[in-house]
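Data block below; observations after.
The values are calculated or read from the model by the stated rules, or taken from the named source; none is laboratory data. What you see is a predicted model, and the numbers here were worked out from it, not measured in a lab. Quick reminder, even Gly has a Cβ in these numbers, built from the backbone with ideal geometry, and neighbours come from all protein chains shown. Protein only, heavy atoms only, side chains kept; ligands, DNA and RNA dropped before computing areas. Shrake-Rupley method; radii C 1.70, N 1.55, O 1.52, S 1.80 Å.
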Amino acid sequence: MTTVTRKIKTTKYFVFIALLIFSVRQVSAALPEDITPTSSPEQALQYLSSIKELRQSRWWPNVAPDLLLQNLKTFTIKPLAFFEGKTTNFCSYSALTYIPLTYDPLGFARFMVDLYRNGQANIGKIQLKPSKPVRLEAGLLRYKGSLDINPAGQMWFLALADHFKGYLNFFNRRFQKGDENTFWASTNFAKFNRMLRRLFNGNVKARGADLFRPSVKDLPGYLEAQMQKGLVFLYLNNKKLYRKSHKQSLISTPTHYVLLTDIRQLPDGNIQFEYWDYGARAVQQLSPDFLKNIIYGVSLWIPKASK
Amino acid sequence: MKKSIFILTLISGLMGVLGGCSYPRNFTSDFYAKNEQRLETIKDDFNRLYNQHPFSILFEEKTFTNISFEFNEDSIKYIYHFNIHAPAFTDSLKAHHYQAQEVQKLVENMRAIQCTWIANVDYYEGLKARRLTQMSVRNKALNSTLKGESYCTLVFFETPQPFNNKGIFLDRSDRKRRRQINGNVLKRVNDKVGYTITKKYR
């Protein structure tokens, strides 16, 4: 009986390690070779497993401690499954979460546990201290797909949207129920770059704007070159990338952020465009003109340590 | 006298405009009753093929000749755009190990009923993951001169859903909440099928 239990435990251990190696290998596809992560997923898991008892936080009454720890472990093992939720305006926060989940998973896990315990925590150059309505809402968001069972993700998204403000949030600055789908949570290009600069230890180079596309002659070539230097985030027109109605919109604006994971020219002249959004990697074959038409902003993040 | 004629004309004109803005009240129940067998066949065929190899289908244009086919692999989704009559579509289906003939038959059935999108969507009851089939249909009755085009999104649940006296689906895990799909409240067609009329098909 004991041998059987031990065998099961050993098998579980091997499966877990294999899963971890596989997920890390997948993630490293988007990280340039000279970028060395600050901490590893193993360290993050070790830290999370060392927390024997996490009490129910009085700051986050609707986030159960067990589920929070389970969520944080899932982030570490499957960072690419991190999902912004359906119909929300959390895509920018989700895209930039790729950085802490892959570059410093231990730092992110520690930050989230601090935020849960104390209702405030430091990350990068800032202190996040979410307002009461936001703290009360975390854990209650529903009909958002897997974000429903991810209160840790809800905490993180709501805290970021509550702290960082841009001109798009001018008329709706205070959170009210349902604001995760409104301008309260939306992110203009300058705000996105500001978040990258203040949250993570790295340099940011950005091209493009909210209403004007970057003037780059060979955009696919440029993006490919940028990917060699660091992580590349794109600000693009989601209505064109994912058609949602047959109506042709007269005004073209960017509304979505993705992480570029691969780009290359195909023999037929089209571009193989691989990116990460909505909790999965996606591949589309697009014409160079279409790609140029949908991309409004390119943000390059280079970690400082790699210099 | 002239004044009252003018007011009457104005009121009737206004009512005409307002009438033109809305869709027939019983559209979905009538449409579903008329096409129940076809809709159920599409849903069943889709689910049978989906269980073998996940995917979703989207008709990108009103002409119903170009589709966006999403091949869902383990950790990646391939979103490819095809003309349904071009050999590239069949070749890609075969290359990704789909039953090409069956999928093409499904595409034809969708086209016949002007179904613009079909996909399986995850939802949660408490912490339990469940799946529903979502299907959007285009119909002339839903077009309006002023408002433009609307789509009827039909949602097929696996189990009967609770609903209130207004026929609005409720959340099984919290019956005070009205169940939503893409931010829209779901109304009842029958115990397992709900609908919503939206400006977007997904």
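A compact table of results
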item	result
Hits in the range A:154-164 - residues which are away from chain B (no Cβ under 14 Å) and either among the hydrophobic types (A, V, I, L, M, F, W, C) or under 23 Å from B:ARG175 (Cβ atoms) (or both)	A:MET155, A:TRP156, A:PHE157, A:LEU158, A:ALA159, A:LEU160, A:ALA161, A:PHE164
Sole exception among (1) closer than 24 Å to B:ASN26 by Cα; (2) under 16 Å from the mean Cα position of the chain (by Cα) for B:SER144, by number	(2)
Within the range A:135-153, considering residues that are farther than 12 Å from A:GLU84 by Cα and more than 9 Å from chain B (Cβ to nearest Cβ), the one farthest from the chain's Cα centre (by Cα)	A:LEU136
Of residues in the range A:58-70 being open to solvent by 10 Å² or more (accessible area, probe 1.4 Å) and in contact with a Pro (Cβ under 9 Å, 6 or more places away or on another chain), the one nearest to the other protein chains (Cβ to nearest Cβ)	A:LEU67
Flag if A:ASP277 is crowded, with 19+ Cβ neighbours inside 10 Å, within 13 Å of chain B (Cβ to nearest Cβ) and of a type outside the set (A, V, I, L, M)	yes
Odd one out for B:PHE64, checked against (1) on the phi > 0 side of the Ramachandran plot; (2) over 21 Å from the mean Cα position of the chain (by Cα)	(2)
Meets criteria (under 14 Å from A:HIS246 (Cβ atoms), open to solvent by less than 40 Å² (accessible area, probe 1.4 Å), touching a residue at least 24 places away in the same chain (Cβ under 8 Å) and more than 10 Å from every other protein chain (Cβ to nearest Cβ)) for B:VAL193	no
Qualifying residue in the range A:114-129 (condition: in a helix (DSSP H, G or I) and crowded, with 23+ Cβ neighbours inside 10 Å)	yes
Pick from the range B:36-47, criterion in contact (Cβ under 8 Å) with a residue 40 or more places away in the chain and surrounded by fewer than 18 Cβ atoms within 10 Å (Cβ to Cβ), ranking: farthest from B:PHE157 (Cα to Cα)	B:ARG38
Strands (runs of 3 or more DSSP E) wholly inside the range B:68-183 containing at least 1 residues that are surrounded by fewer than 16 Cβ atoms within 10 Å (Cβ to Cβ)	B:76-83, B:115-125, B:128-138
Test: residue in the range A:204-223 that is of a type outside the set (Ser, Thr, Tyr) and under 20 Å from A:LEU128 (Cα atoms)	no
So A:GLN265, is it within 13 Å of chain B (Cβ to nearest Cβ), more than 19 Å from the chain's Cα centre (by Cα) and either farther than 27 Å from A:THR87 by Cα or of a type outside the set (Val, Ile, Thr) (or both)	no
Top-ranked residue of the range B:50-67 - restricted to ones that are farther than 15 Å from B:HIS97 by Cα and open to solvent by 50 Å² or more (accessible area, probe 1.4 Å), ranked as nearest to the other protein chains (Cβ to nearest Cβ)	B:LYS62
Condition broken by A:PRO267, with the remaining ones in (1) in contact (Cβ under 8 Å) with a residue 40 or more places away in the chain; (2) on the phi < 0 side of the Ramachandran plot satisfied	(1)
Some residue of the range A:215-225 being touching a residue at least 12 places away in the same chain (Cβ under 8 Å) and within 19 Å of the chain's Cα centre (by Cα)	no
Selection from the range A:130-165 of residues that are more than 14 Å from A:SER94 (Cα to Cα), part of a helix (DSSP H, G or I), open to solvent by 10 Å² or more (accessible area, probe 1.4 Å) and not hydrophobic (A, V, I, L, M, F, W, C)	A:LYS132, A:PRO133, A:ARG135, A:GLU137, A:ASP148, A:ASP162, A:HIS163
Count of the range B:180-190 residues which are closer than 14 Å to B:ASN165 by Cα and either within 7 Å of another protein chain (Cβ to nearest Cβ) or among the basic types (Lys, Arg) (or both)	2
